[in-house]
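The values are calculated or read from the model by the stated rules, or taken from the named source; none is laboratory data. Here the structure is a predicted model, which means the values were calculated and not measured. Glycine gets a Cβ as well: all are built from the backbone with ideal geometry, and neighbour counts include every protein chain shown.
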Amino acid sequence: MDLSVVWLFLLVLWWGALHSFLASLMVKQAVSRLLGEKATRFYRLGYNVFAGLTFLPVLALLFSLPDRVLYRVPLPWAALMGLGMFLACVILVVGVLQTDVWEFLGLRQVFKPSHPDAPPASLVTDGLYRYVRHPLYTAGLAFLWLMPVMTANLLAVNLSLTIYIFIGAIFEERKLHREFGEAYASYAAQTPMFLPFFGRNKMPKKSSGKR
C-alpha cells in the first residue's frame, strides 16, 4: 500500500475524531462556562465553518497525491450508480429540511436564540425518520460507495469516512437517549439504524420537530 494512501486515511480519521470531539456535550459545556451562554449561540455555526475549512486539506490531498484507478464500473451499471448518488443527495437535503435546516447550519441559534421558557425539542419520527433513525448517515454512506470509479486515494477517504460515520452515529445515539429518554428508546427498538425495512416498523406517525 502506498504511504500517501495511509497518510490520507489517517488524516481523515483525525478530522473525524476532532469533529466528534468538538460536537460533544463536554466541549459545549466547557465553552459555555468559559465564554458564557451568549457565546454558545455561535457555537454551531462556528463548528460547521471549522469542520468545512479543516476538510479542505483532505480534498486537496485527495486530488493532488499520486493515485491509481482500482476499478471502473461499466455502463449501464455506472449510470444506475450515478442515479443512486443523486438520490442520496436528495435524501440528504430532504432529511435536513425535515428537521430544521437553519438550526442545522447554526443560523437560528445566532439570530433567534431559544427562550428559557420555550417548550423542549420534540423527537422527529415521521418522514424519512420513520424508516431509519439516521437517514443522513444512510444517504452519506450510499453516496460514498455508489461511486462508479474508485481510486486508491478515494478508497482511503471512503473507508475513513465510513468509520467516522459509524462512530458518529454511536455518539449521536447516546445524545438522543439522554435528551429524549424512554421516547427514543422505544423509537430505537422499532426503527432500524441505517437500513430501512430491516425489522418491522410500528412507529405511529408524528409531527416533525427538532431532533
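Sort out which residues of segment 32-76 are hydroxyl-bearing (Ser, Thr, Tyr) and under 22 Å from His19 (Cα atoms), and write them in order of number.
Taking segment 32-76 and keeping what is hydroxyl-bearing (Ser, Thr, Tyr), we get 32, 40, 43, 47, 54, 64, 71.
Matches in segment 32-76: Ser32, Thr40, Tyr43, Tyr47, Thr54.
Only residues in segment 24-53 that are under 18 Å from Glu172 (Cα atoms) and without any contact (Cβ under 8 Å) to a residue 24 or more places away in the chain count as the first member; pair them with residues that are among the aromatic types (Phe, Trp, Tyr) and part of a helix (DSSP H, G or I), Cβ under 8 angstrom, at least 6 apart or cross-chain, and list the lot.
If the second residue must be among the aromatic types (Phe, Trp, Tyr) and part of a helix (DSSP H, G or I), the pairs left are Val27/Phe21; Lys28/Tyr43.
For segment 62-164, which fully contained helices (runs of 4 or more DSSP H) count at least 1 residues that are closer than 30 Å to Ala185 by Cβ and at pLDDT 95 or above? Walk me through how you get there before you give the answer.
On the way: elements: 77-99, 101-105, 107-111, 135-145.
Per the criteria, 77-99, 135-145.
Could you grab me the full set of residues in segment 35-91 that are within 22 Å of Trp102 (Cα to Cα) and among the hydrophobic types (A, V, I, L, M, F, W, C)?
Ala39, Phe42, Leu45, Val49, Phe50, Ala51, Leu53, Phe55, Ala88, Cys89, Val90, Ile91
So which pairs qualify, if the first residue must be in segment 186-198 and without any contact (Cβ under 8 Å) to a residue 60 or more places away in the chain, the second must be in a loop (DSSP other than H, G, I, E, B), the Cβ gap must be under 7 Å, and the two must be at least 6 apart or on different chains?
Partner pairs satisfying both residue conditions: Ala188/Arg133; Gln190/Asn201; Gln190/Lys202; Gln190/Met203; Phe198/Pro192.
If I go through segment 156-177 residue by residue, how many of them are among the basic types (Lys, Arg) and either surrounded by 15 or more Cβ atoms within 10 Å (Cβ to Cβ) or in contact (Cβ under 8 Å) with a residue 40 or more places away in the chain (or both)? First the steps, then the outcome.
So the first thing to find is which residues in segment 156-177 are among the basic types (Lys, Arg), and the list is 174-175.
So of that shortlist, the ones also either surrounded by 15 or more Cβ atoms within 10 Å (Cβ to Cβ) or in contact (Cβ under 8 Å) with a residue 40 or more places away in the chain (or both) come out as 175.
Total satisfying the criteria: 1.
Which condition does Leu59 not pass, out of (1) surrounded by 14 or more Cβ atoms within 10 Å (Cβ to Cβ); (2) free of Cβ contacts under 8 Å to residues at least 40 places away in the same chain, if it passes all the others?
(1)
Filter segment 1-55 down to the residues that are of a type in the set (D, E, K, R), assigned to a helix (DSSP H, G or I) and surrounded by 13 or more Cβ atoms within 10 Å (Cβ to Cβ) and list them by number.
Filtering segment 1-55 for residues of a type in the set (D, E, K, R) gives 2, 28, 33, 37-38, 41, 44.
Next cut, assigned to a helix (DSSP H, G or I) only: 28, 33, 37-38, 44.
Across segment 1-55, the qualifying residues are Lys28, Arg44.
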